[in-house]
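Once you've had a glance at the structure underneath, I'll fire off some questions.
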Amino acid sequence: MPKTTSRAGPSTPRGSRHGRCVSTRASSSSVSSANATTASQASKKKKKVVVVGGGWAGFGAAYHLAGQDYDVTLLDAAKNVGGLSQGYRRDGKYAMEAGMKGFWYQYPNIFNLVKDLGIENPFTDWTESNFYTPEGLLTEGPVFQNQPRLPSMLGQAAYTFPLFNTGPASPLSPVDLASMLTLLPAMLSFNADPETYEQYDEMSAKELFRRSGVTRALYENFLKPLLLVGLFAPPEELSAASVLETLYFYAAAHQFDFDMCWCRGTVREKLFDPLCDQIAQRGGKILGGRAVTDVLRSPSDGRVTAVIARELETGELVEFDADEVVFAVGINALQKITRSSRGLSELEEFRKVLNLSSIDCVCARIWLKTRVECDKPANVLGNFEENCGATFFHLNDLHDEFLAPGVGSVFQADYYNANAIVPLTDEEIVEKTLGNMRAATKDQAMVMENVEHYEVIRAVNAVTHFKVGAHKHRPEQRTSVENLFIAGDWIKGLRHGSNGLSQERSWVTGVVAANAICERDGKPQAKVYDVEEDEAHLALGKWVAKQTKGAGIPNLVQVFNQY
């Protein structure tokens, strides 16, 4: 049983509590000796694993390990466990979650998880999208699977370039669009070897665009706002390597890669609740409201022996014995734990994490009294807010509960790099959101007088900032401590998926951490489904780029307009 580490003296005996995603509270030191003996005998039969963090990565580790007869305890500071997909329902009616997150075509592991859990049809069809600027509709995002498959890059160009508005009133011309292709050499060469990757990581994406020959108009009106919603920061603050990795994975590697579907309700209710139930059925314990503050390490070999967590409800410190530990939290959370933990701050890879940074997000969900028409369910707002990305979604086209006729429109807007929006009041954020959507859609029903209800979430330091030079500070999955692992979409060294807010990559890192533990113990490992291999012409291009490494990073600044 977990041991109480209380600075206020012995605590009152408490029984176990069970519930949805919350099971088996840690007992105090005053539990009866008979129960303690029984628990001690049971604990000898299973190796104890503590997973810190209750998002996709933490669930990925806990799900497999609990199924392999480990004694798994998952700890999370949030009462409603779920990481960036934690949500709630106000008054049993108004469902809210921290950000809308799509499920991309190359998410094979999550799609197979859904099958394993027996969840029937939780996703929408593949959706189209619109990209708005203050001048109007700039372009549309098609469903590429609805088109004949062509060789990668050719298919994307053939099916998207005609959708761009390049008329007299548009900020873009055909020449601007063509300049996007100048990024292809860098996409093929940026990760030819570790040294080349580091060179690109030390350069900003803006500098890369300038050197490659991307025009100012394409940069300002399309690439910059696109990256503000894709990697959550303006290009001058982003690593060129991270940007190239993201663009290649989602937009270049295969024609279908940019296709996306959505959960037909909140991720928590549709996916995480059944997943938590399955972890509990396998014997795993998921404990919310426990903020990890420290780890204890053996003075002889440095291995982690226990994790200390504060119960937020009581303030009590509880010690959880551990044979293996997986940290599956974001940068901000791991930084807080490292600062408070002598056991972690002694380790160089954890001190390096303190050099990383995170980005603020704001989410607003608005229930209107009337139904309004929205051309596409998913939309990007480019350049509506300075250095702030924005998207909005018409949930009546995505979530089952809003499909019925007569239900007023429900919109969610998400803002990224939103440090200037965080201080606003809820009402000011909603008014701003309505104004932006009204300017984009020209629908005059987007006004406060037509609002029935709204919910606002401020997610401060919520997502990873893939800033220039960050790669050297990002940790590997395996740490210098044999029984301590890190999982999350922001770790380096795992060749699966892309940088950015990736539910698939997060899940896979958790599974890979679990597999490392199982491998050492001779237990079955979970299958990890790879993304589709590079098409032959792109694989050849990468090979050529690797052989001609001496060509270096392009520099065409003198040829094209500078910005």
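The values are calculated or read from the model by the stated rules, or taken from the named source; none is laboratory data. All of these numbers come straight from a predicted model, not from anything done at the bench. Here the Cβ is made from the backbone with ideal geometry for all residues, glycine too, and neighbour counts use every protein chain on show.
If we scan segment 309-317, do we find a residue that is in contact with a strand residue (DSSP E or B) (Cβ under 9 Å, 6 or more places away or on another chain), aliphatic (A, V, I, L, M) and either outside the structural domain of PHE485 (by TED's automatic domain parsing) or in a helix (DSSP H, G or I) (or both)?
No, there is no match, as no residue in segment 309-317 is in contact with a strand residue (DSSP E or B) (Cβ under 9 Å, 6 or more places away or on another chain), aliphatic (A, V, I, L, M) and either outside the structural domain of PHE485 (by TED's automatic domain parsing) or in a helix (DSSP H, G or I) (or both).
A follow-up question, please. Just give me the residues in segment 357-373 being surrounded by 21 or more Cβ atoms within 10 Å (Cβ to Cβ) and either farther than 30 Å from LYS336 by Cβ or in contact with a helix residue (DSSP H, G or I) (Cβ under 7 Å, 6 or more places away or on another chain) (or both), in sequence order.
Within segment 357-373, VAL362, ALA364, ILE366, LEU368 meet the criteria.
Of the conditions (1) touching a His at 6+ places or on another chain (Cβ under 6 Å); (2) over 23 Å from TYR416 (Cα atoms), ILE359 fails just one. Which one is it?
(2)
Checking the condition within 26 Å of the chain's Cα centre (by Cα) and modelled with pLDDT under 95, which residue from ALA241, ALA252 passes?
None of the other options fit; the residue is ALA252.
Looking at the structure I just gave you, is VAL329 closer than 30 Å to ALA516 by Cβ and assigned to a strand (DSSP E or B)?
So VAL329 fails the test.
Return the residue satisfying two criteria in turn: it lies in segment 471-511 and is without any contact (Cβ under 8 Å) to a residue 60 or more places away in the chain and of a type outside the set (Gly, Ala, Ser), and of such residues it is surrounded by the fewest Cβ atoms within 10 Å (Cβ to Cβ).
ARG495
Return a yes/no flag: does segment 213-220 have any residue that is at negative phi, modelled with pLDDT of 95 or more and touching a Gly at 6+ places or on another chain (Cβ under 8 Å).
Looking for residues that are at negative phi, modelled with pLDDT of 95 or more and touching a Gly at 6+ places or on another chain (Cβ under 8 Å), one finds none in segment 213-220, hence no.
Residues of segment 290-338 being closer than 23 Å to ASP521 by Cβ and within 26 Å of the chain's Cα centre (by Cα), which ones?
VAL295, VAL307, GLU324, VAL325, VAL326, PHE327, ALA328
Could you please let me know if VAL528 is at pLDDT 95 or above, over 25 Å from ALA240 (Cα atoms) and assigned to a loop (DSSP other than H, G, I, E, B)?
Judged against the criteria, VAL528 is a match.
Which numbered condition trips up CYS388, out of (1) out of contact with any Leu (no Cβ under 8 Å at 6 or more places or on another chain); (2) within 18 Å of LEU238 (Cβ to Cβ); (3) surrounded by 22 or more Cβ atoms within 10 Å (Cβ to Cβ)?
All conditions pass for CYS388, except number (1).
Another question, if that's okay. Look through segment 302-322, keep the residues that are of a type in the set (D, E, K, R) and touching a residue at least 60 places away in the same chain (Cβ under 8 Å), and return whichever of them is farthest from ILE517 (Cα to Cα).
For segment 302-322, the residue satisfying everything is GLU316.
Quick one: would you say VAL447 is at pLDDT 95 or above, surrounded by fewer than 22 Cβ atoms within 10 Å (Cβ to Cβ) and either of a type in the set (Phe, Trp, Tyr) or over 17 Å from the mean Cα position of the chain (by Cα) (or both)?
Taking the combined requirement at face value, the residue satisfies it.
Now for a different question. Six or more apart or on different chains, Cβ atoms under 7 Å: show the pairs whose first residue is in segment 110-134 and touching a residue at least 60 places away in the same chain (Cβ under 8 Å) and part of a loop (DSSP other than H, G, I, E, B) and whose second is surrounded by 20 or more Cβ atoms within 10 Å (Cβ to Cβ) and of a type in the set (Phe, Trp, Tyr).
That search, which allows pairs on different chains as well, returns THR124/TRP262; THR127/TRP262; PRO134/PHE384.
May I ask you to say which residue of LEU137, LEU188, LEU150, LEU184 is modelled with pLDDT of 95 or more, aliphatic (A, V, I, L, M) and more than 25 Å from THR441 (Cα to Cα)?
LEU150
Here is a further query. Does ALA539 satisfy the condition of being farther than 21 Å from VAL304 by Cα and surrounded by 14 or more Cβ atoms within 10 Å (Cβ to Cβ)?
For ALA539, the condition - farther than 21 Å from VAL304 by Cα and surrounded by 14 or more Cβ atoms within 10 Å (Cβ to Cβ) - is not met.
Could you tell me whether ALA57 is touching a Gly at 6+ places or on another chain (Cβ under 9 Å), among the small types (Gly, Ala, Ser), assigned to a loop (DSSP other than H, G, I, E, B) and within 24 Å of SER502 (Cβ to Cβ)?
No: the conditions fail for ALA57.
A further question follows. From the list ASP294, ASP301, pick out the single residue that is assigned to a loop (DSSP other than H, G, I, E, B) and either closer than 24 Å to LEU356 by Cα or of a type outside the set (A, V, I, L, M) (or both).
ASP301
Check GLU452 against each of (1) buried (at least 17 other Cβ atoms within 10 Å of the Cβ); (2) in contact with a Gly (Cβ under 9 Å, 6 or more places away or on another chain) and name the one condition it does not meet.
Of everything listed in (1) buried (at least 17 other Cβ atoms within 10 Å of the Cβ); (2) in contact with a Gly (Cβ under 9 Å, 6 or more places away or on another chain), GLU452 misses just condition (1).
Another question, then. Being modelled with pLDDT of 90 or more and in contact with a helix residue (DSSP H, G or I) (Cβ under 7 Å, 6 or more places away or on another chain) narrows it down to one of GLY87, GLY55, GLY67, GLY83, so name that one.
Every option except GLY55 fails the conditions.
Please identify the pairs in which a residue from segment 419-440 that is assigned by TED's automatic domain parsing to the domain that holds CYS388 and farther than 25 Å from HIS465 by Cβ has its Cβ atom under 8 Å from the Cβ atom of a residue that is in a helix (DSSP H, G or I) and not acidic (Asp, Glu), counting only partners at least 6 apart or on another chain.
Close Cβ pairs (under 8 Å, with a partner that is in a helix (DSSP H, G or I) and not acidic (Asp, Glu)) amount to GLU427/MET448; VAL430/MET448; GLU431/MET448; LEU434/MET448.
Write out, first by first residue and then by second, each pair whose Cβ atoms fall under 7 Å of each other, whose residues are 6+ apart or on separate chains, and whose first residue, in segment 367-380, is closer than 14 Å to LEU398 by Cβ while the second is assigned to a loop (DSSP other than H, G, I, E, B) and of a type in the set (D, E, K, R).
Note: pairs meeting the criteria are LYS376/GLU128.
Of the conditions (1) under 25 Å from the mean Cα position of the chain (by Cα); (2) within 21 Å of ARG505 (Cβ to Cβ); (3) outside the structural domain of PHE393 (by TED's automatic domain parsing), LEU113 satisfies every one except a single condition; which number is it?
Of the numbered conditions (1) under 25 Å from the mean Cα position of the chain (by Cα); (2) within 21 Å of ARG505 (Cβ to Cβ); (3) outside the structural domain of PHE393 (by TED's automatic domain parsing), the odd one out for LEU113 is (3).
So GLY102 passes all but one of these: (1) in the same structural domain as PHE392 (by TED's automatic domain parsing); (2) in contact with a Leu (Cβ under 6 Å, 6 or more places away or on another chain); (3) not aliphatic (A, V, I, L, M). Which condition number does it fail?
If we test GLY102 against (1) in the same structural domain as PHE392 (by TED's automatic domain parsing); (2) in contact with a Leu (Cβ under 6 Å, 6 or more places away or on another chain); (3) not aliphatic (A, V, I, L, M), just (2) comes out false.
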